[in-house]
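Engineer: Handing you a structure now.
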Amino acid sequence: MTATVAAIDLGATSGRVVRAEVSRTSLRLDEIARFENRPVRVGDGLHWSVLGLYDQAMQGVATASRGGALASVAVDSWAVDYGLLRLGSLLGIPFSYRDDRTMRGLELVDAVIPQPELYARCGLQRMPFTTINQLAVDRERGLLEVADGLLMLPDLFGYWMTGRMVAEATNASTTGLLRLDGTWDAELMARFGIPVSLMAELVEPGTRIGPVDETARTHFGIEGAPDVLAVGSHDTASAVVGVPMGPDAAYISSGTWSLVGIETAAPIATGEALDAQFTNEGGVDGRNRFLKNVMGLWILSESMRTWEAAGERVGLPELLDAAARVDWAVPVFDPVDDTFYPPGNMPARIERWFGERGQRAPRGRAEVVRCILESLAEGYAVTLRDAARISGQRIERVHVVGGGSRNALLCQLTADRTGLPVVAGPVEATAIGNVLVQARTLGAAPDTLEELRELVRATHELIEYRPRSR
Ligand code: ADP
Ligand code: LRH
C-alpha cells in the first residue's frame, strides 16, 4: 500500500508544503510550495502573519490535491507561539516569540516560581520565549479574562481546517505548562491565573483530528476530503523522527535554531541537567528529546540582514566561501547567550561581546561569518559532551538535518570540534518526520521509529564529514 499525503511545515524563516508518497519500502517527496515567513512589527509588537501563512499553506495543499487524491494532511511549526480565542474566533494577532515582551514574561514568572522548581515540574531550558512567559504577559494585560481558548499554531491551523480544537502533545510540551508525565499542570496554571479551561484536549501524534471541512475545501479548491492528522506538530519533534540515526547517535536540527541533543527513554530533570540548561521535550511515541537550544543560523541570517540594510550585497554561498578561506584562528563567543536572541545588528553585538571581555573581535565579513560558525560548532561540542555526561548515553556520531546540513563548512567544523563523524542530511527531515507519522497512521509505513529512520536512510543520500586533526 502507498499513501499519498501532504505536510505543511512552517519554519520561522520559511514555510513549505510537501506532497509525499510513502510505502513500507519507499519514500518520495515533492516540494509543492515554499513561501517566506517574516514577522511584522506594528504598534503593540512583533506578530506572525498567520492568515497569510494559512492562505499560502492551504493553496499548497490545494495544488498537492490536484496531483491525485490526498489521504491526509498534517501541520508542524516552530514551537511556543499560540493564538488566544473567544467563542471560536481568534483574539488578536499571534505574537512572534522574538517580541521583547518575553523579557517581561521572564520577570513575571520568576516572581511566582523559582527556576529550579519550575524545572523540576516541566524540565525546560530557561528561554525567554516559553509559552508560560508569554501568557504571564497576556494575563498582566487582562487578555486572559477575555479569552476562552488557546491553540498552539499548528493546532490553530488544524482547527481552521476541521473545526476541532486539540492540543497536540509534542508542541504542548514546549509551553512550560505540561508536567513531565505529559499532563496539563493545573496547579501551576492556577498559581499564574491561567485558567486550565483555556487548554484543549491533549492528543498524541497519530490521532485523527477530522476531515478538511467544506469551508476550507471550497475556499481553497482542495480536491477530495483528506483527513487532518496529528503528527509531531512541534517541528523539532518531527525533525527527530526524520533523523536517519541508529544507536549511540546525537542530532542537530539545524535551521533558524540549532537543537542539539539526543533521544532518551524518559525526561532527565536532575540538578545537573538544570545546571547545564537542557530541555526535555515530548517526542513521538513517548520518547523524550533531551536537547539544548543553541542560537543557530539566526545569528548568520540576522548578520546578513544587517549588511543588506546597510546597502551591501551579500550572498550566502559567497559569504561561506570567504569564511572557508579564513585559515587563521578566530575567537569564539557563547552562542547560547541571550544577547543574540532579539532581532538586531548581530555583527555589532558580536563586537560588543568580545569588547566586554577584553578580547579582539573578528574584523570584516569573512572573519565574522567564520567566527559565527566556529562559535556554533564549539557550542555544539560542549552541549554534546554535556548530554553524554548527564544522560550516561554514548555519542559516537552526530546527525545534522535541516537547512544547516547544507552548510558544508559548519558540518566540517562540527566534526572537527566534536571529534566525531558528522552525517549531514536530509535537509527536509522535518517534513519527512511529518509525512512518515501520517503514513504510519494510515497503515502504509513501518511501525517503529527505528524502522522509519531506516527508511529515511535507505532513501536519502547522506554526506559524511570526518573530524580533521587540529
Ligand atoms: P527553519 O525551518 O527554521 O525556517 P531551515 O531548516 O529552512 O530553517 O534552515 C534555514 C537555514 O539553512 C538558513 O538560515 C541558512 O543558513 C541555511 N541554508 C539553507 N540553504 C543553504 C545552503 N544552500 N547552503 C548553506 N546554508 C543553507
Ligand atoms: C525550531 C523551534 C525550536 C523552538 C523554537 C521556538 O523551529 O521549534 O525547537 O525551541 O523553534
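Engineer: Using Cα pairs under 8 angstrom and six or more residues apart, how large is the relative contact order of the chain, in percent?
Structural biologist: 17
Engineer: Let me ask you something else. Using 1/(1 + (r/R0)^6) with R0 = 56 angstrom and r between the beta carbons of R86 and S469, what's the FRET efficiency to the nearest 0.05?
Structural biologist: 0.35
Engineer: For the chain, what is the percent of antiparallel DSSP beta bridges, rounded to the nearest 5?
Structural biologist: 70
Engineer: Give me the net charge for the shell around F35: Cβ to Cβ below 12 angstrom, other residues only, Lys and Arg +1, Asp and Glu -1.
Structural biologist: Charge balance near F35 sits at -1.
Engineer: Okay, moving on. Considering Cα pairs under 8 angstrom that are at least six residues apart, work out the relative contact order of segment 108-261 and quote it in whole percent.
Structural biologist: 21 percent.
Engineer: Of the beta bridges DSSP finds with both residues in segment 3-234, what % are antiparallel, to the nearest 5?
Structural biologist: 75
Engineer: Enumerate by residue number the GluC sites (Glu not before Pro) in segment 289-356 meeting two conditions: DSSP loop (anything except H, G, I, E, B), and at most 12 other Cβ atoms within 10 Å of the site's Cβ.
Structural biologist: E312
Engineer: Right, next: Please give the net charge around R360, taking every other residue with its beta carbon less than 12 angstrom from that of R360, where Lys and Arg add +1 and Asp and Glu add -1.
Structural biologist: 0
Engineer: Under the Karplus relation 6.51 cos²θ - 1.76 cosθ + 1.60, θ = phi - 60°, what is the ordered set of whole-Hz ³J(HN,Hα) values for segment 56-65, x standing for Gly and Pro?
Structural biologist: Using θ = phi - 60°, the values come out as 5, 5, 6, 4, x, 5, 4, 4, 4, 5 Hz.
Engineer: Moving to a separate point now. Compute the signed sum of charges (Lys and Arg +1, Asp and Glu -1) over the other residues within less than 13 Å, Cβ to Cβ, of V228.
Structural biologist: Around V228, the surrounding residues sum to -2.
Engineer: Given charges of +1 on the Cβ of Lys and Arg and -1 on the Cβ of Asp and Glu, with all other atoms neutral, how large is the dipole of segment 115-192 about its Cα centre, in debye to the nearest 20?
Structural biologist: 140
Engineer: Please work out the FRET efficiency for the pair V112 and T215, using the Cβ-Cβ distance as r and a Förster radius of 30 Å; give the result to the nearest 0.05.
Structural biologist: 0.15
Engineer: Can you find, among L177, S49, G60, the residue sitting farthest towards the positive end of the charge dipole of segment 3-234, where Lys and Arg contribute +1 and Asp and Glu -1 at Cβ?
Structural biologist: G60
Engineer: Now a separate question. Return the FRET efficiency for the residue pair A458, A329: r is the Cβ-Cβ distance, R0 is 30 Å, and the value is rounded to the nearest 0.05.
Structural biologist: Calculated transfer efficiency: 0.15.
Engineer: Considering only DSSP beta bridges with both partners in segment 245-425, what is the antiparallel share in %, to the nearest 5?
Structural biologist: The answer is about 65 percent antiparallel.
Engineer: On the principal axes of its Cα set, how long, how wide and how thick is the chain? Give whole Å, largest value first.
Structural biologist: Computed over the Cα atoms, the extents are 61, 52, 49 Å.
Engineer: Shifting gears a bit: As I understand it, the dipole of segment 314-371 uses +1 on the Cβ of Lys and Arg and -1 on the Cβ of Asp and Glu, about the Cα centre. Which of F340, L320, F354 lies farthest toward its positive end?
Structural biologist: F354
Engineer: Calculate the tail of P(r) for segment 3-234: the fraction of all Cα-Cα distances greater than 30 Å, expressed in %.
Structural biologist: 25
Here, each number is a calculation from the coordinates, and none is a lab measurement. Given the structure is predicted, the values throughout are model-derived calculations rather than measurements. Counting neighbours? That spans all protein chains shown, and the Cβs are built from the backbone with ideal geometry, glycine included.
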